[in-house]
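Each remark here refers to the structure printed beneath this line.
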Amino acid sequence: LPPGPRAFPLIGNAFELPSSREYFKYSEWGKKCGDVSHLTAFGKHIVLLNSTKACVELLEQRSAIYSERPPCPIVDEPD
């Protein structure tokens, strides 16, 4: 997983997650950890994309890898 702020055991970064104006905190983490950073909160993984370039690369160019959608039998080629 990408780098991110240091997390506590079990709770991860739950107490560091902002409740308002999240973009300021996420931008700060982006400057420290890079365009793609990672948090955890109570066992859930959160990936932050802090640049347009990272968003386009991961959500458009590599969407099939990261979308976690089951294969569609109608569209997929037979084995």
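Regarding the stretch 65-76, can at least one residue be identified that is modelled with pLDDT under 90 and either surrounded by 11 or more Cβ atoms within 10 Å (Cβ to Cβ) or in contact with a strand residue (DSSP E or B) (Cβ under 8 Å, 6 or more places away or on another chain) (or both)?
Kept after step one, since they are modelled with pLDDT under 90, are these residues of the stretch 65-76: 65-76.
Imposing the further condition that a residue be either surrounded by 11 or more Cβ atoms within 10 Å (Cβ to Cβ) or in contact with a strand residue (DSSP E or B) (Cβ under 8 Å, 6 or more places away or on another chain) (or both) reduces the set to none.
No, the conditions are met nowhere in the stretch 65-76.
Would you confirm whether any residue within the stretch 43-53 is over 22 Å from Ser67 (Cβ atoms), of a type in the set (Ser, Thr, Tyr) and in a helix (DSSP H, G or I)? Please lay out each step first, then the result.
If we filter the stretch 43-53 for residues that are over 22 Å from Ser67 (Cβ atoms), which is where we start, we get none.
For the stretch 43-53, residues over 22 Å from Ser67 (Cβ atoms), of a type in the set (Ser, Thr, Tyr) and in a helix (DSSP H, G or I): absent.
Do we find a residue being part of a loop (DSSP other than H, G, I, E, B), modelled with pLDDT of 90 or more and within 22 Å of Tyr66 (Cβ to Cβ) anywhere in the stretch 27-38?
First, pick out the residues of the stretch 27-38 that are part of a loop (DSSP other than H, G, I, E, B): 34-35.
Now narrow it down to the ones that are modelled with pLDDT of 90 or more: 34-35.
Then keep just the ones that are within 22 Å of Tyr66 (Cβ to Cβ); that gives 34-35.
Among the residues of the stretch 27-38, at least one is part of a loop (DSSP other than H, G, I, E, B), modelled with pLDDT of 90 or more and within 22 Å of Tyr66 (Cβ to Cβ), which makes the answer yes.
What's the total number of residues in the stretch 49-64 that are surrounded by fewer than 12 Cβ atoms within 10 Å (Cβ to Cβ), without any contact (Cβ under 8 Å) to a residue 12 or more places away in the chain and not acidic (Asp, Glu)?
As a first pass, look at the stretch 49-64 and keep what is surrounded by fewer than 12 Cβ atoms within 10 Å (Cβ to Cβ): 52-53, 60-64.
Then drop every residue that is not without any contact (Cβ under 8 Å) to a residue 12 or more places away in the chain, which leaves 52, 60-64.
Among the residues that remain, those that are also not acidic (Asp, Glu) are: 52, 61-64.
So the count comes out to 5.
Does the stretch 19-41 hold any residues that are over 22 Å from Thr52 (Cα atoms) and under 16 Å from the mean Cα position of the chain (by Cα), and which are they?
Thr40, Ala41
Quick check on my filter: what residues within the stretch 1-26 are in contact with a strand residue (DSSP E or B) (Cβ under 9 Å, 6 or more places away or on another chain), modelled with pLDDT under 90 and loosely packed, with under 10 Cβ neighbours inside 10 Å?
Hits for the stretch 1-26: nothing passes.
The values are calculated or read from the model by the stated rules, or taken from the named source; none is laboratory data. Here the structure is a predicted model, which is why all the values come from computation and not from measurement. We place every Cβ from the backbone using ideal geometry, glycine too, and count neighbours over all the protein chains shown.
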